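What follows is a short report on a single structure.
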Amino acid sequence: MKATIFTGLTAIILFTGCASSNNLEQQVTTLSNKVDKLTTEVSKLKEQHQKTESKLTQLQNANKQTTQKLHNISSSFKK
């Protein structure tokens, strides 16, 4: 009697473990897909950030040149 109960409990534990393992594998796969998607999005954001920084630098340089030109013009009127 005890052997039958023990065997039954062992079988239930094994089947439950397999079911949990399949569910765990599915969760790992889902999380891996999400990580891949986020990695791609981060890469795109880095590219956009670099482009934005480059444009900002160009605008800052243009602003410096314009400011210098205005300064030169105003200096010529003062003389």
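The values are calculated or read from the model by the stated rules, or taken from the named source; none is laboratory data. Being a predicted model, the structure only gives us computed values, none of them experimental. To get the accessible areas, we keep the full protein, side chains included, count just its heavy atoms, and leave off ligands, DNA and RNA. Shrake-Rupley method; radii C 1.70, N 1.55, O 1.52, S 1.80 Å.
Observations on the structure shown:
- Once the 1.4 Å probe is applied to the protein heavy atoms, the range 16-66 comes out at 92 Å² accessible per residue.
- P(r) tail, the range 33-79: Cα-Cα pairs separated by more than 12 Å, 72% of all pairs.
- Segment Glu25-Thr40, extension gain: residue separation times 0.36 nm, minus the distance between their alpha carbons: 3.1 nm
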